[in-house]
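To start, the structure under review is shown below, and the notes come after it.
The values are calculated or read from the model by the stated rules, or taken from the named source; none is laboratory data. Nothing here was measured: the structure is a model prediction, and the numbers come from that model. Every residue, glycine among them, receives a Cβ derived from its backbone with ideal geometry; neighbour counts consider all protein chains shown. We work out accessible area using only protein heavy atoms, side chains counted, and drop any ligands, DNA or RNA first. Shrake-Rupley method; radii C 1.70, N 1.55, O 1.52, S 1.80 Å.
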Amino acid sequence: MITRSRVFGTGMAVPDHIITNEYLSTIVDTSDEWIRTRTGMKERRQVRPDQAASDLAIPASQQALEEAGLSPQDLDMIIVATISPDTLFPSTACIIQDKIGARQIPAFDISAGCTGAIYAHTLADQLIRTGHSKYILIIGVELLTKITNWSDRSTCVLFGDGAGASVVGPSENGSSGLLGHHIASDGKGASMLYIPAGGSRMPASRETVDKNLHVLFMKGNEIYKTAISTMSESCHILLKQEGLTPQDVDLFVFHQANLRILEAVGKRLRVSPDRVFVNIHKYGNTSTATTMMAVHEAVQEGKIQRGSLVLQVAFGAGLTWGGLLWRW
Ligand code: COA
């Protein structure tokens, strides 16, 4: 009986092109000072016009597979968390399945906003623990610069492009791996963060394009408050489940949406800032990719080691929120 899933390898990919705060201040009425002090962001990455989500997802996946010491043929499933897929259908996961040379395994996308990676790992954990699948490739990828309103200063400074990947499989011992997960949603907050057109409610038309309705709309202030309360809630639920306290956690990996949100959650939990991972200054908000890229970088930097207790927590469009408690 498998008791836990664990991460065998991680990877990430970001485009080379950097968008600086200084550049943004040439296209909208903003400044480096405003963006840095209100968000903690200094730069973010942008793909080329001809690139799609799978173009970042594939190198991130290959790195995760290599680190895991596995080949695409070893995979039993591919789950992609994204709200900026290559196309509405088929799923980006199917495109990746073909391009990396995996077998004819199940492959599908899930839409849970910035919490997508947390949802995907929760789902994968169930499938691994029941013996349905052995190795699952999970990718969180987002090309938010493709759905950004570049004339809206309250949103265009926040978002970037990136992909994070992990290969999960059965833990060989009962002590390491995913100790607990928590996922939740509240659709009452659906209009806080959404793209109005392009779905069946408002299909693409000349009018939707003229009115610029294929880009992201956000009620930033409301999201800000909800982010702090929901991420704190997920931390408390997960720690309580395991009889642990915030002081037991070696590293908190929060969704990188705003440095002030990360600091506020850290303060609520009464943990020192050095235990809260931050890479928002380099990549901005890459939605579902942020916590996966952050976990990858934290592993590379030695901030997550074998045996570390890691709390990975996110919130996002839906509204959705949740967390994963790992014994690495
Ligand atoms: N540059 C300069 N000024 C800006 C600006 C920018 N890029 N964006 C907004 N402002 C202005 C506003 O117009 C407002 O001006 P006013 O007082 O004259 O009306 C002022 O700054 C304050 O705006 P406010 O929205 O209250 O700022 P804030 O401190 O709440 O920061 C966000 C705005 C968006 C950075 C913040 O609310 C946030 O991070 N929210 C969460 C967003 C998020 O996480 N989204 C993704 C969810 S996954």
Subject >> DSSP-loop trypsin sites (Lys or Arg not before Pro) across region 228-316, with at most 16 other Cβ within 10 angstrom >> reply: Arg270, Arg306
Subject >> Spacing of the two label points (7 Å from each Cα toward its C-beta) at His236 and Arg306, in nm >> reply: 3.7 nm
Subject >> trypsin sites (Lys or Arg not before Pro) within region 78-151: DSSP coil, no more than 11 neighbouring Cβ in 10 Å >> reply: Arg103
**OP:** Pull up the cross-link candidates among the lysines for Lys146, meaning alpha carbon to alpha carbon under 18 Å and not fewer than 8 places away within one chain.
**Re:** Lys211
Subject >> Within a Gaussian network of the chain (alpha carbon springs, distance under 10 Å), most fluctuating of Ala204, Ala13, Ala102 >> reply: Ala204
**OP:** Starting from region 226-328, pick out the GluC sites (Glu not before Pro) whose DSSP state is loop and whose Cβ has at most 16 other Cβ atoms within 10 Å.
**Re:** Glu242, Glu301
Original post:
Counting each DSSP H run of 4 or more residues in the chain as -39500 (n - 2.57), what helix-only mean residue ellipticity at 222 nm follows after dividing by all residues, to the nearest 500 deg cm²/dmol?
Top reply: -10000 deg cm²/dmol
Subject >> Rotationally averaged projected area of the chain (alpha carbon convex hull; nm²) >> reply: 16.0 nm²
**OP:** Could you check the simple spin-label distance between Asp50 and Ile27, using points 7 Å along Cα→Cβ, in nm with one decimal?
**Re:** 2.0 nm
**OP:** Summarise the accessible area of the chain (1.4 Å probe, protein heavy atoms) by the percent that is carbon and sulfur.
**Re:** 51 percent
Original post:
Length gain on complete extension for the stretch Leu88 to Lys188, per 0.36 nm per residue less the alpha carbon to alpha carbon distance?
Top reply: 33.6 nm
Subject >> Cα-centre dipole for region 5-170 with unit charges at Cβ (Lys and Arg positive, Asp and Glu negative), debye to 20 >> reply: 340 debye
Original post:
How big is the gap, in Å, between the Cα center of region 147-218 and the Cα center of region 103-124?
Top reply: 13 Å
**OP:** Could you name the lysines whose alpha carbon sits less than 17 Å from that of Lys42, not counting residues in the same chain fewer than 8 places away?
**Re:** Lys282
**OP:** Name the residue, out of Gly69, Gly11, Gly266, whose mean-square fluctuation peaks in a Gaussian network model built on the chain with Cα pairs under 10 Å.
**Re:** Gly69
**OP:** Please identify, among Phe108, Phe89, Phe315, the residue showing maximal mean-square fluctuation in a Gaussian network model of the chain using a 10 angstrom Cα cutoff.
**Re:** Phe89
**OP:** Go through Ser151, Pro246, Ser166 and say which Cα lies farthest out towards the positive end of the charge dipole of the chain; charges sit on Cβ, +1 for Lys and Arg, -1 for Asp and Glu.
**Re:** Pro246
**OP:** Would you kindly state how much longer the chain becomes between Asp16 and Glu222 on full extension, computed as 0.36 nm times their sequence separation minus their alpha carbon distance, in nm to one decimal?
**Re:** 70.9 nm
**OP:** Please report, in debye to the nearest 20, how large the charge dipole of the chain is about its Cα centre when each Lys and Arg carries +1 at its beta carbon and each Asp and Glu carries -1 there.
**Re:** 700 debye
Subject >> Label-point separation in nm, His132 to Arg270, each point 7 Å along Cα→Cβ >> reply: 4.1 nm
